[in-house]
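Engineer: The structure follows.
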Amino acid sequence: MSIDGVAIDWLNFTPWSSLAGGALIGLAASLFVLFNGRIAGISGLLGSVLEGGEGRAEKGLFLLGLLLAPLVWGLFSVLPTIEFQSGWLGLLVAGLLVGVGTRYGSGCTSGHGVCGVSRLSPRSLVATFTFMAAGFVTVFVLRHLLGG
Amino acid sequence: MRKLTALLAGLLFGIGLLLAGMANPTKVLGFLDLAGAWDPSLALVMVGAIAVAAGPLAWAKGRAQSLLGAPMQIPAKRELDPRLIGGSLVFGIGWGIAGICPGPALAILLSGHWQVSVFVLAMLAGMLLFTALERRRSH
């Protein structure tokens, strides 16, 4: 089925679990700001812990919780599908770009995309628009112009 | 107490990413592939997250302290600059190559896939490179 030229992949569309997962992410970001007074932006937290900035213990514990998620999930259920499309070189290049880019851009999908857009921060709105557009264009170039 | 809420918030964040499908690079790339068979699920992740977080964040903005007495640290900067846009552009390209961003990378690091270890090591190297360049700039 096609809407305005975009073919929707209904088979893989998961509206309810994605909405529910999003709500949990929103709840986690809410708890972190209400109790800890901090923005749940993963690249910022990680960069700050690496640099030895203020609040290292709290930030490190948030990241530890994030790391433990698949282990806790595994106690109750089978982990959802995790499937990669890239080889080691692609992962290496992608990781480097994500690391450098999120630090220069002061945030990623969580800090800008969720927390910043929720606050209607002009910087976050521009950043989110920019990385989404770059993501769409990159996939288009790699899949439809270069690859097959 | 704040350490406990930090740990709990991080755990919940990770569970949310796993449930949402954000932790599956194939699904993320399916969302970023507008010209292929487009999977719009991840737009709903943002909708769900923003619907829940907007109220608490707006409340927090007007406060000097958190409920547990921590200083409220919400970015106040409003100016757009080339670093914000250039950095976001570079991040988006990296995101589009592998379908992995920082939160999901950490949320699946201990899931037993070698690919994510390569990605996370490279991401940490990128972040350290940023720090090294910044320190050089300020000297």
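Engineer: Within the group B:122, B:64, B:98, which residue is in contact (Cβ under 8 Å) with a residue 40 or more places away in the chain and either within 14 Å of residue A:91 (Cβ to Cβ) or surrounded by fewer than 24 Cβ atoms within 10 Å (Cβ to Cβ) (or both)?
Structural biologist: Every option except B:98 fails the conditions.
Engineer: Quick check on this structure: which one of A:103, A:56 is of a type in the set (Lys, Arg) and surrounded by fewer than 24 Cβ atoms within 10 Å (Cβ to Cβ)?
Structural biologist: So the residue among A:103, A:56 that is of a type in the set (Lys, Arg) and surrounded by fewer than 24 Cβ atoms within 10 Å (Cβ to Cβ) is A:56.
Engineer: Where residues in the stretch A:113-122 are within 7 Å of another protein chain (Cβ to nearest Cβ) and touching a Ser or Thr at 6+ places or on another chain (Cβ under 7 Å), which of them is nearest to residue B:104 (Cα to Cα)?
Structural biologist: Taking the candidates together, the pick is A:113.
Engineer: What do you reckon, is residue B:122 part of a helix (DSSP H, G or I) and more than 7 Å from chain A (Cβ to nearest Cβ)?
Structural biologist: no
Engineer: Please pick out the residue among A:35, A:13 that is surrounded by fewer than 19 Cβ atoms within 10 Å (Cβ to Cβ) and among the aromatic types (Phe, Trp, Tyr).
Structural biologist: A:13
Engineer: What residue, among those in the stretch B:108-119 that are within 17 Å of the chain's Cα centre (by Cα) and within 7 Å of chain A (Cβ to nearest Cβ), is surrounded by the most Cβ atoms within 10 Å (Cβ to Cβ)?
Structural biologist: B:119
Engineer: Any idea which residue in the stretch A:71-99 is farthest from residue B:92 (Cα to Cα), counting only those that are buried (at least 23 other Cβ atoms within 10 Å of the Cβ) and not small (Gly, Ala, Ser)?
Structural biologist: The qualifying residue farthest from residue B:92 (Cα to Cα) is A:91.
Engineer: Looking at this structure, is residue A:18 touching a residue at least 60 places away in the same chain (Cβ under 8 Å), over 13 Å from residue B:8 (Cα atoms) and touching a helix residue (DSSP H, G or I) at 6+ places or on another chain (Cβ under 7 Å)?
Structural biologist: So residue A:18 fails the test.
Engineer: For residues that are in contact with a helix residue (DSSP H, G or I) (Cβ under 6 Å, 6 or more places away or on another chain) and farther than 18 Å from residue A:110 by Cβ, tally how many sit in the stretch B:90-128.
Structural biologist: 7
Engineer: On to the next question. Tell me, yes or no, whether the stretch B:78-91 has at least one residue that is under 18 Å from the mean Cα position of the chain (by Cα), of a type in the set (Val, Ile, Thr) and part of a helix (DSSP H, G or I).
Structural biologist: Yes: one or more hits.
Engineer: Give the stretch A:106-141 a look and list any residue that's among the aliphatic types (A, V, I, L, M) and surrounded by 19 or more Cβ atoms within 10 Å (Cβ to Cβ), or say none.
Structural biologist: Result: A:114, A:117, A:127, A:132, A:134, A:139.
Engineer: Among A:91, A:146, which is aliphatic (A, V, I, L, M) and in contact with a Phe, Trp or Tyr (Cβ under 6 Å, 6 or more places away or on another chain)?
Structural biologist: Every option except A:91 fails the conditions.
Engineer: Give the stretch B:1-15 a look and list any residue that's assigned to a helix (DSSP H, G or I) and either more than 7 Å from chain A (Cβ to nearest Cβ) or among the charged types (D, E, K, R) (or both), or say none.
Structural biologist: B:2, B:3, B:4
Just so you know, all these numbers are worked out from the coordinates, no wet-lab data involved. Just so it is clear, the structure is predicted and the values come from calculations on it, not from any experiment. Neighbour counts run over all protein chains shown; Cβ positions are idealised from the backbone, glycine included.
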